[in-house]
Amino acid sequence: MDYRAIATLASLTHASCMRYPDASGHLIRTSIIASCLAGIMGLDAAEQQCIRLATPVHDLGKLAIPDRVLLKPAKLDPEERRIMERHSRIGAELLAGSIHELHQYASVIARHHHERFDGSGYPDHLVGQNVPLPARVVAVADAFDAMTEARCYRPSMTDDEAKAVILEGSGTHFDPVAAQAFLGGFPSILRARRAANELLSLGSDATVVARLYGLTRRDFAEGWLTTG
Ligand SMILES: [Fe+2]
Ligand SMILES: [Fe+2]
């Protein structure tokens, strides 16, 4: 895989990690859980690797969401929700101009990770298999991580509560194949989450992101950005 494409994704992930408190936790866990889920679903190693590399930028568009919405310490009202929902399109557009296939792949995930299997998601209201497969995989991992993370306006759900939501949403919100694989392979999902949390405990966002992308801290700092 092209080193420059990977290093650029690492920089964009680092930027996403700096956008709001604890973003890195969500982005890194969702990446590792999604690639684990891809493995449970039988996707090949190359696809698992693409999902792992591309998923951390799924919320890249949040860079462009104003603080009053992104950082609001309460539930969003309908107008704020509409603004927040722009992040999928914005993230996709930021990535789509690249010549690298990996960035095109990441753009598709960014655009479609909030589509729902029954067509009630956004931004394109795609239905069923029309939602690109990597986005269907990431949708499950993303929702699970979001539900099991506390928000200032609600406590975190337990794993069992989040699994019940995924079961309930199988075939409506979520691709039933992805949802059933997630639930059936839950011990592996928990191992993936543990591995992600261990990675996150290694140190700064720059260290964690460099490790996720297989870059040395030196490559990362000298090649693409100054990490301070
Ligand atoms: Fe999102
Ligand atoms: Fe997300």
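The values are calculated or read from the model by the stated rules, or taken from the named source; none is laboratory data. Note that this is a predicted model, so its numbers are computed, not measured. Don't worry about glycine lacking a Cβ; one is built from the backbone with ideal geometry, like all the others, and counts go over all protein chains shown. These accessible areas exclude ligands, DNA and RNA; they are computed on the full protein's heavy atoms, side chains included. Shrake-Rupley method; radii C 1.70, N 1.55, O 1.52, S 1.80 Å.
Values for this structure:
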{"quantity": "For Glu149, distant residues with modelled amide H under 5 Å away", "calculated": "Met157"}
{"quantity": "In Å², nearest 10: area of Val127 left accessible to a 1.4 Å probe", "calculated": "80"}
{"quantity": "Selected from Glu101, Glu79, Glu168 as most flexible by GNM, with the chain as the system and alpha-carbon contacts under 10 Å", "calculated": "Glu79"}
{"quantity": "Intensity falloff of region 3-224 expressed as log10 I(q)/I(0), Debye formula with alpha-carbon point scatterers, at q = 0.10, 0.11, 0.12, 0.13 Å⁻¹", "calculated": "-0.40, -0.49, -0.59, -0.71"}
{"quantity": "Sequence of His58, His173, His125 from largest to smallest accessible area, 1.4 Å probe", "calculated": "His125, His173, His58"}
{"quantity": "Candidates Ile32, Ile51, Ile83, ranked by Gaussian network fluctuation over the chain, Cα under 10 Å, top entry", "calculated": "Ile83"}
{"quantity": "Set of aspartates and glutamates with alpha-carbon distance to Lys72 below 15 Å, sequence-local pairs under 8 removed", "calculated": "Asp22, Glu80, Glu85"}
{"quantity": "Per-selection Rg to Rh, region 35-102 - Cα, Kirkwood hydrodynamic radius", "calculated": "1.11"}
{"quantity": "Exposure rank, largest accessible area first [Ile6, Ile189; 1.4 Å]", "calculated": "Ile6, Ile189"}
{"quantity": "Accessible area of Val140 in the full protein assembly, 1.4 Å probe (Å², nearest 10)", "calculated": "0"}
{"quantity": "Nearest-10 value in Å² for the accessible area of Ser35, using the 1.4 Å probe", "calculated": "20"}
{"quantity": "Largest to smallest accessible area among Cys152, Cys36 [probe 1.4 Å]", "calculated": "Cys152, Cys36"}
{"quantity": "Region 91-166-region 44-72 distance, computed between alpha-carbon centres (Å)", "calculated": "9"}
{"quantity": "Net charge dipole size for region 3-224 [Lys, Arg +1 and Asp, Glu -1 on Cβ; Debye, nearest 20]", "calculated": "400"}
{"quantity": "Carbon and sulfur %, accessible surface of the chain computed with the full protein complex present, 1.4 Å", "calculated": "54"}
{"quantity": "Estimated [θ] at 222 nm from DSSP helical runs (n ≥ 4, -39500 (n - 2.57)) normalised by residues in the chain, nearest 500", "calculated": "-18500 deg cm²/dmol"}
